[in-house]
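The values are calculated or read from the model by the stated rules, or taken from the named source; none is laboratory data. Bear in mind that the values here come from a model prediction, so they are computed numbers and not experimental data. So basically every Cβ, Gly included, is an ideal-geometry build from the backbone, and we count neighbours across all protein chains shown. Remember, those area values only see protein heavy atoms, side chains included, never the ligands or the DNA or RNA. Shrake-Rupley method; radii C 1.70, N 1.55, O 1.52, S 1.80 Å.
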Amino acid sequence: MIAILDYDAGNIKSVEKAVAYLGQEAKITRDRDEVLASQSVILPGVGSFGDAMEKLKEYGLDQVIYDVVDKKIPFLGICLGLQLLYESSEEAPGVTGLGLLKGSIHRIPDFPGLKIPHIGWNSLKIKPEATLFKGIRENPYVYFVHSYYLKAENEQEVAATTDYSTLIHASVEKDNIFACQFHPEKSGAIGLSILENFLSLQSPLKEGC
């Protein structure tokens, strides 16, 4: 079972449908035992950084996420779910993120001819050895909806970048933590391949079961 974390954020149902399309059982849940017993965990979401952190804490999901990471269960953050993994965001000054990865979230700079929020398709520059992009051709196009972007502190963790007014760290990987600023569930065949690569992963504790 694939656990999709329910913290009242938008865009959760579309992730559930994409996982089901790939032949996996998905469950939207905030039950700790269900999450920790799952094959993998997804934190999707569209919304504001501050409100999202408040909801994660209200439901106790912040600690559940820490436990998921500690147990090496494959974890995927999508859009806002990527941003929440970091320490802070300009969208919510003074609010502390989950801090699982080092870096910060910034507003996309204004640039002549470009609209913010960034809504639409952009190509990715992929790190060749990136797990999420295994078997995917160079410079694939994926779908973005965001006004804020990641500056990761450790560029070794950056799996893919894109350019929109500035260099955007569009996907990251560290141990069992994976995240995408774009929406794989809305990125056609390429996005489904990315999700499939993630869903094929197993935690060390579950291998061989």
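Numerical summary
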| quantity | calculated |
| --- | --- |
| Dipole magnitude (debye, nearest 20) for the range 72-150, charges at Cβ of Lys, Arg, Asp, Glu | 300 debye |
| Helix-only mean residue ellipticity at 222 nm for the chain, each DSSP H run of n ≥ 4 adding -39500 (n - 2.57), per residue, nearest 500 | -6500 deg cm²/dmol |
| Among S89, S40, I4 the positive-end extreme of the charge dipole of the range 1-109 (Cβ point charges) | S40 |
| Aspartates and glutamates whose Cα lies under 17 Å from that of K125, excluding same-chain neighbours fewer than 8 positions away | E138, E155, E157, D163, E173 |
| Rounded to the nearest 20 debye, dipole of the range 121-164 from Cβ charges on Lys, Arg, Asp, Glu | 180 debye |
| Rounded to 5, percent antiparallel among DSSP beta bridges of the chain | 60 percent |
| Euclidean distance between Cα centres, the range 72-110 to the range 119-136, Å | 20 Å |
| Where GluC sites (Glu not before Pro) fall in DSSP loop in the range 19-71, at most 13 other Cβ within 10 Å | E25 |
| Accessible-area value, R32, 1.4 Å probe, nucleic acids and ligands omitted, Å² | 110 Å² |
| Of K55/K134; K71/K102; K27/K71; K27/K186, those spanning more than 29 Å from alpha-carbon to alpha-carbon | K55/K134 |
| Overall form of the range 140-209 per C-alpha gyration tensor (a/c, 1.5; a/b vs b/c) | oblate |
| Matching label, mean projected area of the Cα convex hull in nm² computed from the structure shown, candidates [x] 14.3; [y] 10.7; [z] 13.2 | [y] |
| Potential lengthening between E87 and E54 on full extension [0.36 nm per residue; Cα-Cα distance subtracted] | 10.4 nm |
| Lys, Arg +1 and Asp, Glu -1 on Cβ, resulting dipole of the chain about Cα centre, debye, nearest 20 | 460 debye |
| Accessible-area value, F133, 1.4 Å probe, nucleic acids and ligands omitted, Å² | 10 Å² |
